[in-house]
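Report on the structure given below.
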Amino acid sequence: MSNKLGIKELAQHLDISIASVSRALHNPNRVSKDMRERVQAAAKELGYKQNTLASSLRTAKTRNIVAIIPDLSDTFNAGVIRSMEDAAAKRGYSILFGDSQGEREREIRYGELIQGKRADGVIFFSSTPPFPEETLQSDNFTVPPMVNSCEVMIDSGYKIKGQSIPYVTINNIEASKEITEHLIQQGHKRIAVITGDPSTPSVKQRLQGHIEAQQMAGIEHSSSLVFEGDYTIESGQKLAHDILKLKHRPTAIFCMCDESAIGCMHTLKENGVRVPQDIAVAGFDDIRFAQFSTPTLTTIAQPVEEIGRRCSELLIDIIENKSIKEKRVVLPHKLVIRESTRIPN
């Protein structure tokens with residue numbers, strides 16, 4: 001075989017059509033398992049490498065995706081990123097990750113990759129698409145393939161020109177309600193909350209679920225027990241100090257992310273406060289460290305790998321104009337009860 005082995009030569013070698021080889025390499029879900037394995041094995045054996053430039057010129061596609069994430073170093077986001085990239089690679093796409101640090105200007109800059117035709121679609125983790133408002137309202141704006149993750153308002157989502165943006169998320173309201181109900185069942189009536197950015201839909205939803213659970217139990221919600229954090233260990237540490245200064249301390253603290261909860265427990269321990277005997281602590285996300293903290297952390301488990309995989313698969317299906325059965329994907333969560341809220345017998 002020539003060193004310039006192309007898809008035509010690969011098809012001739014296998015004695016099948018070029019279209020079948022192309023589907024097996026670029027849209028493997030459209031061919032049988034036997035065909036897919038046969039083509040991929042032959043491609044590996046013969047040293048076939050896709051000519052991505054030629055392919056993009058033929059299809060007007062770059063086979064690149066932009067994923068805009070507020071914090072690439074965040075433990076929860078890292079799990080989503082890994083599964084997102086794996087799923088995209090299986091479909092022959094590469095992901096360009098942009099760390100927006102929660103700044104609108106950075107989001108818009110990464111969105112320019114789409115407008116400049118350097119990527120085929122975008123996955124974004126903020127509440128607003130990564131384009132200037134005047135662009136979104138322009139009659140000349142063509143809505144590109146987009147998928148939103150984790151931040152949408154479940155009932156409505158975000159619409160551009162009447163089009164709803166597909167999303168992948170969990171039901172933050174129900175998840176927050178469930179973990180608050182658990183704390184109430186443990187006898188807690190005075191529960192402090194450490195939030196993330198209060199302007200984001202996910203934080204609004206989690207606070208809504210917390211308040212609804214209190215109302216259902218006949219407990220009056222107090223805004224003085226809500227402390228604004230930023231989903232970091234450091235904010236959990238700092239705000240726990242503020243909570244300990246309260247004249248009437250809460251008996252439980254609900255942190256809207258696990259990193260904040262771990263930081264919170266560190267401060268409580270430093271100040272001689274026992275968890276959960278003196279103050280119970282609950283988190284959200286079920287990051288890997290939650291099961292290894294001291295005490296182990298009660299939390300809401302999000303399906304991290306499935307979130308990443310479904311984001312990539314949904315966006316690629318949109319890019320490839322495939323029939324989409326489900327554009328509003330709400331994945332299941334799970335309450336994981338551990339030592340931080342369960343008083344030992």
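A compact table of results
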| read-out | value |
| --- | --- |
| Order of His241, His13, His188 under a 10 Å beta carbon neighbour criterion, fewest first | His241, His13, His188 |
| Additional length obtainable on full extension of the chain from Lys322 to Ser32, 0.36 nm per residue less Cα span | 102.6 nm |
| Within a Gaussian network of the chain (alpha carbon springs, distance under 10 Å), most fluctuating of Ser83, Ser164, Ser17 | Ser17 |
| Long-range HN-HN contacts of Leu96 with modeled amide H, under 5 Å | Ile65, Val66, Ala67 |
| Length gained when the stretch Ala19-Arg82 is fully extended (0.36 nm per residue, less Cα-Cα span) | 19.6 nm |
| Net charge of Cβ neighbours under 15 Å - reference Ser340; Lys, Arg +1; Asp, Glu -1 | -2 |
| Shape of segment 172-302, Cα gyration tensor, a/c cut at 1.5 | rounded |
| For segment 105-148 versus segment 248-311, the gap between their alpha-carbon centres in whole angstrom | 34 Å |
| Prolate/oblate/rounded call for segment 194-242, Cα gyration tensor, a/c under 1.5 rounded | oblate |
| GNM result for the chain, Cα springs below 10 Å: residue of Ala78, Ala43, Ala240 fluctuating most strongly | Ala43 |
| Protection proxy ranking of 252-261, 139-148 - average other beta-carbon atoms within 10 Å, highest first | 252-261, 139-148 |
| Percent of beta bridges antiparallel (DSSP, segment 172-302, rounded to nearest 5) | 0 percent |
| Summed residue charge, Cβ within 13 Å of Met84's Cβ, Lys/Arg positive, Asp/Glu negative | 0 |
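No value in this document is a laboratory result; all are computed from the given coordinates. For clarity, every value in this text was computed on a predicted model and none was experimentally measured. Cβ coordinates were reconstructed from backbone atoms using ideal geometry, including for glycine residues, and neighbour counts include every protein chain displayed.
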